[in-house]
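The values are calculated or read from the model by the stated rules, or taken from the named source; none is laboratory data. Just so you know, these numbers come straight off a predicted model, no measurement behind them. Glycine also receives a Cβ, built like all others from the backbone with ideal geometry; neighbour counts cover every protein chain displayed.
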């Protein structure tokens, strides 16, 4: 059992007293905090990925998306470098029985860990494992529309 299993999302062992970060981890954490505070990124199609106080929203350059104000694609907790999202039944890609992620959101936030809450369970995967097992599907393979999928079987499953 991992000690992080008992901590809420966004809190890691490094946040506890006596668990200081080494220089490399401290620099990565500072970069993550800077990105999570307030950032806007645009792709070639003028779609926008905005991060405000850790909330990641994708604004597609289409009339329908502009009216709805964007799509919430996840949250980023900079101190623990955790990407977090809640998923419902509609969010499962049935062909692979997998969770889908906005590739740009993962790439830009550079999380150490990815956490998904689904049906009362918490699914966790390290970034290293994420990179090893990810599958791309090119529904529209440019800009922020590129999606990456991770089968549920590759996640470590636990209770919330």
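Quick grid of which residues meet (1) over 20 Å from residue 148 (Cβ atoms); (2) in a helix (DSSP H, G or I); (3) modelled with pLDDT under 80:
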site: 21; (1), (2), (3): yes, no, yes
site: 34; (1), (2), (3): yes, yes, yes
site: 49; (1), (2), (3): no, no, no
site: 58; (1), (2), (3): no, no, no
site: 79; (1), (2), (3): yes, no, no
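When you scan region 83-116, how many residues do you find that are closer than 22 Å to residue 157 by Cβ, in contact with a helix residue (DSSP H, G or I) (Cβ under 9 Å, 6 or more places away or on another chain) and either surrounded by 17 or more Cβ atoms within 10 Å (Cβ to Cβ) or in contact (Cβ under 8 Å) with a residue 60 or more places away in the chain (or both)?
13
Taking the condition of being at pLDDT below 65, surrounded by 15 or more Cβ atoms within 10 Å (Cβ to Cβ) and more than 18 Å from residue 93 (Cβ to Cβ), how many residues in region 126-145 meet it?
Matching residues across region 126-145 total 1.
Suppose the filter is in a loop (DSSP other than H, G, I, E, B) and modelled with pLDDT under 70; does residue 64 pass it?
Working: in a loop (DSSP other than H, G, I, E, B): no; modelled with pLDDT under 70: yes.
Answer is no for this residue.
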